[in-house]
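Before any comments, here is the structure.
The values are calculated or read from the model by the stated rules, or taken from the named source; none is laboratory data. Note that the structure is a prediction, hence the values are computed from the model and not measured. Here the Cβ is made from the backbone with ideal geometry for all residues, glycine too, and neighbour counts use every protein chain on show. With ligands, DNA and RNA removed, areas are computed over all heavy atoms of the protein, side chains included. Shrake-Rupley method; radii C 1.70, N 1.55, O 1.52, S 1.80 Å.
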Amino acid sequence: MADPLLRIDALHAGYGDAVVLHGIDLAIADGAAVALLGRNGAGKSTVLKTILNAGPKLVAGRISLDGRDLRALGADARARAGLMLVPEDRRVFPHITVAENIALGVHAARPGVKPMTMDEIWDLFPALVPFAERAGYALSGGQQQMVAVARGVIARPRLLLLDEPVEGLAPVIVDQMAAEIRRLHRDHGLTVLVTEQNLSFARAVTDTLHLIDSGELVHSGDWAGFDADPTLKTRYLAV
Ligand SMILES: Nc1ncnc2c1ncn2[C@@H]1O[C@H](COP(=O)(O)OP(=O)(O)OP(=O)(O)O)[C@@H](O)[C@H]1O
């Protein structure tokens, strides 16, 4: 079997003296779409942020991309290696336009990889075209999320990490977002790791899932396996 794109071995990480991840192993194949599900505080965001070196402290374990050990790299270098995080709080800048917000993502381009043009972005996210010149503060939550995703893909990352992308969004926007992410994955080959509590969204955009509870992975498999054991939902997810 080919080496996975991203590989995490025996990862322990946390904040200050508090260790919140206790030995996470995860392998994500190139072209995969994977969900990381768990309750509030289970450790989902910490996994994503540790992959990016964006906050948590790595205590032990190894993270590699295409076989390359990432541990010595800072967040910017990991972005330029092809990892991009769309954070839970979206971080759309309020006083610049949608187009300007999206263009900020270009800084993460990998050496030798041409970022998308704005025309390519508008083709991928036609719903944003009418808002191209609108300031960030004047967007709805769903529009902000779409801007954050567009900014996340403009540099053509190898792996897009999405932290609870549809939290707080209306069901119709959730469906639109699911179609968008699925299209990026299916038609553009984008590898995706998404944390979620919204099961129907996660199911719509991924093929395999991992459940995390108190900083440990407690189940991994496909959706059919998840559905075959209803206790997984009641034990590990707040539903
Ligand atoms: N900056 C921080 N400093 C200290 N502890 C933190 C920090 N961020 C998160 N934690 C703790 O780490 C644990 C895991 O939090 P994390 O945010 O990774 O969970 P999560 O599964 O993403 O939850 P949510 O769905 O609520 O975002 C929690 O106990 C949380 O309180």
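In region 128-211, carbon and sulfur make up what percent of the accessible area (probe 1.4 Å)? Let's see the in-between values first.
Numbers: 1580 of 3030 Å².
Solvent-exposed carbon and sulfur of region 128-211 make up 52 percent of the total.
With protein chains left intact and a 1.4 Å probe, residues in the chain average 44 Å² of accessible area per residue. In region 52-165, one over the average inverse separation of all distinct C-alpha pairs is 14.8 Å, which is the Kirkwood hydrodynamic radius.
Working ranking of peptides 113-123, 6-16 by packing, defined as the average number of other Cβ atoms within 10 Å per residue, highest first, is 6-16, 113-123. Taking the empirical scaling 2.2 N^0.38 Å for compact globular proteins as reference, region 124-203 has a Cα radius of gyration ratio of 1.05.
Give me the number: length gained by fully extending Asn40 to Ser200, i.e. 0.36 nm times residue separation minus the C-alpha to C-alpha distance, one decimal in nm.
On the way: separation 160, 0.36 × 160 = 57.60 nm, distance 1.72 nm.
Net length gain for the segment: 55.9 nm.
Taking the Cα centre of the chain as reference, the dipole from Cβ charges on Lys and Arg (+1) and Asp and Glu (-1) amounts to some 440 debye.
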